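Contents: one structure, followed by commentary.
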Amino acid sequence: IQEDVMSKKGTFYIHGNYGYAGSKASHMLDVMRSYADNVTIDIRNSSSSWLPPSSAQSFLKENSSISSIIIGDYDTQYNNMYYGSRFDNIRNLKNLELNEDNTTIANDSILVLQLTITEVITNTLMNLSGQSVNVSMVTTSTDFVAESLYCFLYHSNCSLFKSALLPSDASNLRPRPYNRYVTISTITNAVTIQVWHLMSYLLAWQQNTTTRADCDAMNKDHVSSDIWRLYWVRGGNFNESCSDHCLGTCYNSSRVEYHFAESPAFALEDYRSVRYSTWAESTWSTVLLRMYLVTSIEE
């Protein structure tokens, strides 16, 4: 799925490279359209025979027969002129409306279309995994989506982000969005860390213990497990007057792991590669400046 919806027309375009699995890809599109017919969106084939720039191109370089389908709200030209740039932010997403409470979505917001196409794709994937096409449609939580967008785009100092952190860490959040700048591989940016905490929190279930000490002790008992991890977070119900140790929630979560997002060129140590992208950040040494006062000729 590519590019945030920038218009309220409700039309989406399929850009396809069907490869050797053309029949399977066509079947998937038929299933997707069957769900789209029940909602307020229109799914069309793109008039272009070329795939737009996307991560799929990296796979197609290795094997051009791989089937690739890209869904966007554009046919042959992006609607979002800032797509993929540092200007692709909340200031330039004009139709991204939240209500005044910042936790609900305005009825005429483009977010409604985003949620609708997400539901269609989710139900399509469920169908292809063995569910009946006539199964009741899976629906998204508009309140959760609105709160998530508010946290990521407006203020990181929000209830959702705080719930996934230790109380002491939650107090460090600021009333502004995270910096999305991606730096060198030895430093993990803050938004990546927050997403890790948030995913761990959302995929977890609460344990029957009331103190952090008990939670840590239980975690030591499960230290050899490759599947589960217990951790102590602020949780949804928290008293600001309490410390890390006396109030919070112990959760049992499946492991959410980091992985390196790096070009194969670095793994192969082929820094002059024309096949894989290479990029290095400049470093700066201490800058010294000496200033000399010279008498004017006129004097």
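Residues that are in contact with an Asp or Glu (Cβ under 6 Å, 6 or more places away or on another chain) and either of a type in the set (S, T, Y) or over 30 Å from S263 (Cβ atoms) (or both) within the range 142-194 comprise L160, L166, P167, S168, listed in sequence order. Being closer than 30 Å to M218 by Cα, at pLDDT 75 or above, surrounded by fewer than 17 Cβ atoms within 10 Å (Cβ to Cβ) and touching a helix residue (DSSP H, G or I) at 6+ places or on another chain (Cβ under 8 Å) holds for only one residue in Y231, Y258, Y271, and it is Y258.
Residues in the range 55-66 that are surrounded by 16 or more Cβ atoms within 10 Å (Cβ to Cβ) and not hydrophobic (A, V, I, L, M, F, W, C): there are none.
Going by what's in this entry, would F238 be described as surrounded by 10 or more Cβ atoms within 10 Å (Cβ to Cβ), modelled with pLDDT of 80 or more and among the hydrophobic types (A, V, I, L, M, F, W, C)? So F238 does not fit the description; no. Taking the range 181-228 as the range and being among the acidic types (D, E) and modelled with pLDDT under 80 as the test, the residues that pass are D221, D226.
Among the residues of the range 34-42, are any modelled with pLDDT of 80 or more, within 30 Å of R176 (Cα to Cα) and of a type outside the set (G, A, S)? Within the range 34-42, none of the residues are modelled with pLDDT of 80 or more, within 30 Å of R176 (Cα to Cα) and of a type outside the set (G, A, S).
Out of contact with any Lys or Arg (no Cβ under 6 Å at 6 or more places or on another chain), in a loop (DSSP other than H, G, I, E, B) and either open to solvent by 80 Å² or more (accessible area, probe 1.4 Å) or modelled with pLDDT of 75 or more (or both), is that true of E281? So E281 does not fit the description; no.
Within the range 28-46, the residues that satisfy the criterion of being open to solvent by 90 Å² or more (accessible area, probe 1.4 Å), without any contact (Cβ under 8 Å) to a residue 40 or more places away in the chain and not acidic (D, E) are R44, N45. One residue alone among S148, S141, S163, S156 is under 30 Å from A36 (Cα atoms) and surrounded by 12 or more Cβ atoms within 10 Å (Cβ to Cβ), and that residue is S148.
Residues are listed down the side, and each one gets a yes or a no for (1) closer than 27 Å to Y181 by Cβ; (2) at pLDDT 85 or above; (3) touching a strand residue (DSSP E or B) at 6+ places or on another chain (Cβ under 9 Å):
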{"site": "N95", "(1), (2), (3)": "yes, no, no"}
{"site": "T103", "(1), (2), (3)": "no, no, no"}
{"site": "L111", "(1), (2), (3)": "yes, no, yes"}
{"site": "V120", "(1), (2), (3)": "no, yes, yes"}
{"site": "L125", "(1), (2), (3)": "no, yes, no"}
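Within the range 167-217, the set of residues being more than 18 Å from the chain's Cα centre (by Cα), part of a helix (DSSP H, G or I) and touching a residue at least 12 places away in the same chain (Cβ under 8 Å) comprises P167, S168, A170, R212, A213, D214, C215, D216.
The values are calculated or read from the model by the stated rules, or taken from the named source; none is laboratory data. None of these values were measured; they are calculated from a predicted model. Neighbour counts are summed over all protein chains in view; Cβ atoms, including those assigned to glycine, are modelled from backbone coordinates with ideal geometry. The protein model used for the area step is the full one, side chains on, heavy atoms only, and it has no ligands, DNA or RNA in it. Shrake-Rupley method; radii C 1.70, N 1.55, O 1.52, S 1.80 Å.
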